[in-house]
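*Asks:* Structure below; questions to follow.
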Amino acid sequence: MAAPDASRLTPRAVLRAGRFDLALERPLVMGVVNVTPDSFSDGGRFHDPRKAVEHARRLVEEGADILDVGGESTRPGSLPVDVQEELRRILPVLDAMAGGPVPVSVDTSKPEVMRAAVDAGAAMINDIYALRQPGALQVAAATDAAVCLMHMQGDPRTMQDDPVYGDVVAEVKAFLDERVATCEAAGIGRDRIVVDPGFGFGKKAVHNLDLIRGIPLLAAAGLPVLAGLSRKSVLGKITGRMVGDRIHSSVAAAIVAVARGARIVRVHDVAATRDALAVWTAVENSGMNGHGR
Ligand code: HH2
């Protein structure tokens, strides 16, 4: 039976991210480090930069392949943060982690924060606005960082009010195709680009489920797909569990996304996700080389 991976990435595909060449032959785990008082699942826990650094170190020990450091929550109703405050939150984590063994991504939409973060060693820019804010595309293009382009309908304040789509997968794909073309035209090579359907960003539960099923179509463009389903409300809707009790459903969602072609999963629970992916990968590899019989 063929592996259920519709991606056109070659087995030896790499993502270029600053000084890192990330091999994509196995799914990568991006561990979330929210240095915020108000993130939807872990707000306040790592708001103190020292706690955030400790948390980042723990995620690396647990096997994170990438760290995603954010200083501004994107949940509906979250507090806007200015450039200085965002940098005050994230720079200590970058200073402590960016010279280490794992690439650090910065989760921001502000060009000034992107620039300062890359100067401090960030190897990836993760932007929920897909570099649409004024100046962001130019700043990202002038770096050697990888970029993650995410789809969002509307903006975080109002995106969950009443999201409407005709064909959610086709619309997300068209948006991402356009953003990739714009990035390429600005000089960002395809080997630096990751695409992300933006689970929970202007999507009802049914849209999120359709998009999980649609990952093979998104992956068919030949770029790595990142899936960020960890602890999100769609999982609460399915299981009836509160945000702190969504570890099992988050792990299941990561596996389902990877099985459909996602190459990077953005998660809060790194150790559990790594174990689950190890099982999935072992099964896939055993199918390829005939071992394990
Ligand atoms: N989700 C969140 C934040 N950033 N970036 C990408 N590329 N994809 C995602 O799905 C994504 C993201 C929201 O999760 P979290 O960081 O835990 O919450 P908050 O935005 O409240 O800090």
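The values are calculated or read from the model by the stated rules, or taken from the named source; none is laboratory data. Quick caveat, the model's predicted, so the values are computed rather than measured. FYI the Cβ positions are ideal-geometry reconstructions off the backbone, even for glycines, and counts take in every protein chain you see.
*Asks:* Looking only at segment 66-94, which residues are touching a Leu at 6+ places or on another chain (Cβ under 9 Å) and assigned to a helix (DSSP H, G or I)?
*Replies:* Val93
*Asks:* More than 29 Å from Ala181 (Cβ to Cβ) and in a helix (DSSP H, G or I) - does that describe any residue in segment 199-220?
*Replies:* Within segment 199-220, one or more residues are more than 29 Å from Ala181 (Cβ to Cβ) and in a helix (DSSP H, G or I).
*Asks:* Test Leu223 against the criterion of being within 12 Å of the ligand (Cβ to nearest atom), within 25 Å of Ser105 (Cα to Cα) and not in a strand (DSSP E or B), and give yes or no.
*Replies:* Here the answer is no, as Leu223 does not meet what is asked.
*Asks:* From Pro27, Pro49, Pro37, grab the single residue that is modelled with pLDDT under 95 and either under 30 Å from Arg213 (Cα atoms) or within 13 Å of the ligand (Cβ to nearest atom) (or both).
*Replies:* Checking each option against the conditions leaves just Pro37.
*Asks:* Mind listing whichever residues of segment 92-101 are in contact with a helix residue (DSSP H, G or I) (Cβ under 8 Å, 6 or more places away or on another chain) and surrounded by fewer than 22 Cβ atoms within 10 Å (Cβ to Cβ)?
*Replies:* Pro92, Ala96, Gly100, Pro101
*Asks:* Check off (1) at pLDDT 95 or above; (2) surrounded by fewer than 21 Cβ atoms within 10 Å (Cβ to Cβ); (3) not in a loop (DSSP other than H, G, I, E, B) for Val283 and give me the number that stays unchecked.
*Replies:* Single failed check for Val283: (1).
*Asks:* So if I check each of Arg274, Arg231, Arg266, which one is touching a Lys or Arg at 6+ places or on another chain (Cβ under 6 Å) and either closer than 29 Å to His55 by Cβ or not in a helix (DSSP H, G or I) (or both)?
*Replies:* Arg231
*Asks:* Residue under question is Asp119, and the condition is that it be surrounded by fewer than 23 Cβ atoms within 10 Å (Cβ to Cβ), acidic (Asp, Glu) and more than 18 Å from the chain's Cα centre (by Cα); does it hold?
*Replies:* Considered against the rule, which asks whether it is surrounded by fewer than 23 Cβ atoms within 10 Å (Cβ to Cβ), acidic (Asp, Glu) and more than 18 Å from the chain's Cα centre (by Cα), Asp119 comes out as yes.
*Asks:* Counting only residues that are of a type in the set (Gly, Ala, Ser) and assigned to a helix (DSSP H, G or I), which one in segment 52-63 is modelled with the highest pLDDT?
*Replies:* This residue is Ala56.
*Asks:* Are there any pairs with C-beta distances below 7 angstrom linking a residue in segment 167-181 that is under 15 Å from Lys203 (Cα atoms) and without any contact (Cβ under 8 Å) to a residue 24 or more places away in the chain to a residue that is in a helix (DSSP H, G or I) and of a type in the set (Asp, Glu), with the two at least 6 apart or on different chains, and if so which?
*Replies:* Between residues of segment 167-181 that are under 15 Å from Lys203 (Cα atoms) and without any contact (Cβ under 8 Å) to a residue 24 or more places away in the chain and residues that are in a helix (DSSP H, G or I) and of a type in the set (Asp, Glu), there is no close pair.
*Asks:* Can you tell me which of Glu184, Glu178, Glu171 is touching a Phe, Trp or Tyr at 6+ places or on another chain (Cβ under 7 Å), modelled with pLDDT of 95 or more and not in a loop (DSSP other than H, G, I, E, B)?
*Replies:* Unique residue meeting the criteria: Glu171.
*Asks:* Can you name the condition, by its number, that Arg231 falls short on among (1) of a type outside the set (Phe, Trp, Tyr); (2) at positive phi; (3) more than 15 Å from the ligand (Cβ to nearest atom); (4) touching a strand residue (DSSP E or B) at 6+ places or on another chain (Cβ under 9 Å)?
*Replies:* (3)
*Asks:* Right, next: Report the residue count in segment 87-113 for those that are within 12 Å of the ligand (Cβ to nearest atom) and either among the charged types (D, E, K, R) or without any contact (Cβ under 8 Å) to a residue 24 or more places away in the chain (or both).
*Replies:* Result for segment 87-113: 2.
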